[in-house]
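S.K.: The structure is given below, and queries will be raised subsequently.
Derivation of every value follows stated rules applied to the coordinates shown; laboratory data play no part. Just so it is clear, the structure is predicted and the values come from calculations on it, not from any experiment. Counting neighbours? That spans all protein chains shown, and the Cβs are built from the backbone with ideal geometry, glycine included.
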Amino acid sequence: MKKFLTTTAAMGAAVLSLATTGCFKAESKNTVNADGSAKFNTVMEFNLAPIMSMLGAGGAGANPMGDNHNFLMTVMRSMAPEVDAWTEAKVETTKLGATKITLGGFVKDFTAGADLKKSLSANPEFAAKAADLPDFKFIESTKDTATGNWVITMPGVDEIMEVFGALQKKAAKDKAFTPGSLDEVTEEAIAAKMTEVRTQYAQFKPMAAMMLKDMSITSEMEVGGEILEAHVFEKSGPGKVTATFNGQQLIELVDGIMTDDKLPGKVAKLAAALNEGPESTKVGPALREFITPLISSFYGGSKAPKLVIKPSASPAFNYSAEVAKAKANMSPELKQLVDEASKPAVPADAGGLPAPKKKAA
């Protein structure tokens with residue numbers, strides 16, 4: 001339990017440390033029809049080399065993501081089952097040494113890739129455990145039968161707790177945890193450790209702020225209809241919303257964790273509940289109390305992201321026509337990438353020498 005205590009008390013600093021592993025930028029633009037069909041364009045840029053070099057995990061300028069082409073293939077293969085047509089797929093190294101990947105295309109169901117159970121089931125190692133999980137998507141698209149409105153939601157505390165409840169039942173069924181096996185964790189001990197961590201955080205924060213100044217995540221969505229309600233997302237037009245998250249917001253989030261005087265008590269309560277075993281009825285409430293303010297802070301005070309839309313008479317775009325056009329206009333280079341991504345990866349040790357590396361698209 002000493003390890004548990006140290007890890008929990010250092011949570012705020014650890015979150016910030018992980019987030020400061022170089023520059024990260026992401027920008028996505030999606031146009032979505034009420035039937036779920038969508039076109040997407042995503043640009044991601046990240047540079048892990050400087051921090052890896054500082055930690056002694058690689059030479060200066062080394063790219064910890066590895067070969068650009070292989071990385072692009074990995075991303076495209078993960079998306080390929082859902083993509084009907086690609087409009088863009090390329091990866092490059094910027095002048096500052098960052099890896100920049102650009103992807104665009106069309107999908108029949110924009111929520112398909114957000115299905116947690118389906119994603120886990122695709123991996124044989126997790127398939128059995130995934131079967132015990134409730135249906136869970138990181139983004140849902142439904143129709144309100146009472147009003148006819150189209151509703152897009154993302155998970156909040158209730159949905160997260162539903163998944164945890166299923167995992168807890170599975171752990172109880174498998175007798176995966178022995179009650180009483182943890183040492184006692186007191187609120188006083190956690191408070192003392194938090195005092196140490198706060199001092200370290202105060203010293204580290206200026207450097208973290210500098211490293212995070214260019215971090216940004218921007219998501220823009222245009223829908224086929226009039227947006228009546230927008231939570232977390234900000235309306236930027238009758239049928240358009242945006243959501244942003246940047247380095248300053250991350251620091252403010254960690255600040256909130258570090259200055260929470262009630263955190264030691266909540267951690268101690270959660271540890272005591274866990275020590276009663278997976279069948280304890282105290283675990284769920286303790287965990288909910290612990291994560292609720294974190295989720296609320298991340299969502300800017302809202303319970304969860306949600307859009308309520310009055311669908312328009314016509315879609316935002318003609319999916320079939322644009323998919324056909326995209327397929328007809330694919331460049332030879334893009335066709336080659338799509339063809340390669342449609343085939344499973346061949347491990348280097350599958351026989352003979354690994355395939356020669358190709359130049360980045």
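S.K.: Extent of the range 65-118 along each principal axis, from alpha carbon coordinates, in Å, largest to smallest?
M.R.: 36, 25, 15
S.K.: Counting Lys and Arg as +1 and Asp and Glu as -1, what is the net charge of the other residues whose Cβ lies under 10 Å from the Cβ of P134?
M.R.: Numbers: positive: K117; negative: D132, D135, E159, E162.
Computed value for this residue: -3.
S.K.: To the nearest Å, what is the center-to-center distance of the range 250-296 and the range 172-247, using C-alpha atoms only?
M.R.: Each part reduced to its Cα centre gives a spacing of 14 Å.
S.K.: Also, I was wondering about something else. Give the shape of the range 206-359 as rounded, prolate or oblate, defined through the alpha-carbon gyration tensor: a ≥ b ≥ c are the square roots of its eigenvalues, a/c under 1.5 means rounded, and otherwise the shape is prolate if a/b is larger than b/c and oblate if not.
M.R.: Working: a/c = 2.08, a/b = 1.38, b/c = 1.51.
Oblate, because a/c is 1.5 or more while a/b does not exceed b/c.
S.K.: May I pose another question? Any chance you could run the full-extension gain for K173 through E340? It's 0.36 nm times the residue separation minus the Cα-Cα distance, nm to one decimal.
M.R.: Values: separation 167, 0.36 × 167 = 60.12 nm, distance 4.32 nm.
Length difference between fully extended and current span is 55.8 nm.
S.K.: Something else about it: Treat each spin label as a single point 7 Å out from the Cα along the C-beta direction, and report the E289 to N246 distance in nm.
M.R.: It is 3.7 nm.
S.K.: If I model a spin label at S121 and T281 as a point 7 Å from the Cα along the Cα→Cβ vector, what separation in nanometres do I get?
M.R.: Result for the modelled spin labels: 3.3 nm.
S.K.: Can you tell me how the range 84-183 classifies by the Cα gyration tensor, rounded, prolate or oblate, using a/c under 1.5 as the rounded cut?
M.R.: oblate
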